[in-house]
Amino acid sequence: MLTRCMTLIFVVTAHFSLASEVRADIYRYVDENGVVHFTNRPTSSNFHFFRKETLEPTTIDDYVRRYAELFNLEEALVRAVIRAESNFNPQVVSHKGAIGLMQLMPATAAYLNIDNPRDPEQNIRGGTRYLRMLLDQFEGDLELALAAYNAGPNTVVRFGGIPPYPETRTYVTRVKQYLSQYR
């Protein structure tokens, strides 16, 4: 009886130990509009293996690494934006209504399909995707992308460069300083 009980305890313990190591294959493809699609169950041959995903608890650093890699951004840049936006406080809400670590405006979060911008994982996923979109829109010009992140891309286009707003100019300078520190 004791041996059977010990065997059962061993099996249950082994099961839960293995459960914490669950992994899933993640597949992705980029459609004709440049939209990146991800799934763990490919529905067409357009999807290609992307990575194994660990389903373990993660930290903000893990999210920064994951989404910087996913959206082809330098981790130091993502950290610099987070520091300038929220100083790594996931609960902060600006006086203009921007939410979370990367300070997503509700309309921007909705556009990026972010259901809960207060959730650090969703916020960093949305913020890094948005930053990648801005870098692409402004052909890799970091200063213009950062100005657009702060003041909006239409404002940068309207002014033909960094807008003359002190807040935006200070923001671009601050993020670049943090970027140098994180590198």
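Which of the residues that make up the range 111-163 are at pLDDT below 95 and on the phi > 0 side of the Ramachandran plot?
Residue satisfying the conditions is N113 alone.
How many of the residues in the range 124-149 are over 21 Å from I60 (Cβ atoms) and open to solvent by less than 80 Å² (accessible area, probe 1.4 Å)?
Step one: of the range 124-149, the residues over 21 Å from I60 (Cβ atoms) are 133-145, 147-148.
In the following step, the residues that additionally are open to solvent by less than 80 Å² (accessible area, probe 1.4 Å) were identified as 133-135, 138, 140-145, 147-148.
Matching residues across the range 124-149 total 12.
Restricting the search to the range 164-182, which residues are closer than 24 Å to A107 by Cβ and surrounded by 20 or more Cβ atoms within 10 Å (Cβ to Cβ)?
T168, Y171, V172, V175
Applying the selection to the range 99-113, what residues are outside any helix (DSSP H, G or I), without any contact (Cβ under 8 Å) to a residue 40 or more places away in the chain and open to solvent by less than 10 Å² (accessible area, probe 1.4 Å)? Give the derivation first.
The initial filter retains those residues of the range 99-113 that are outside any helix (DSSP H, G or I), namely 99-105, 112-113.
Retained after the next criterion (residues that are without any contact (Cβ under 8 Å) to a residue 40 or more places away in the chain): 99-100, 102-105, 112-113.
Correct list: G100, M102, L104, L112.
Out of all the residues in the range 72-87, which are closer than 14 Å to D61 by Cβ and either under 11 Å from the mean Cα position of the chain (by Cα) or open to solvent by 60 Å² or more (accessible area, probe 1.4 Å) (or both)?
The answer is E75, V78, R79, I82, R83.
Yes or no: the range 60-73 includes at least one residue that is within 21 Å of E167 (Cβ to Cβ) and among the basic types (K, R).
Checked against the condition, which is being within 21 Å of E167 (Cβ to Cβ) and among the basic types (K, R), the range 60-73 yields no hits at all.
Taking interchain pairs and intrachain pairs at least six residues apart, which have beta carbon atoms under 7 angstrom, with the first residue in the range 172-183 and within 24 Å of P153 (Cβ to Cβ) and the second open to solvent by less than 80 Å² (accessible area, probe 1.4 Å) and of a type in the set (V, I, T)?
Partner pairs satisfying both residue conditions: V172/I162; V175/V81.
Within the range 121-168, work out how many residues are outside any helix (DSSP H, G or I) and among the acidic types (D, E). Write out each step before concluding.
If we filter the range 121-168 for residues that are outside any helix (DSSP H, G or I), which is where we start, we get 138-141, 152, 160-165.
Checking which are among the acidic types (D, E) leaves us with 139, 141.
The qualifying residues number 2.
The values are calculated or read from the model by the stated rules, or taken from the named source; none is laboratory data. What you see is a predicted model; the values in this text were computed from it and never measured. Neighbour counts run over all protein chains shown; Cβ positions are idealised from the backbone, glycine included. Surface areas here come from the heavy atoms of the whole protein model, side chains and all, with no ligands, DNA or RNA. Shrake-Rupley method; radii C 1.70, N 1.55, O 1.52, S 1.80 Å.
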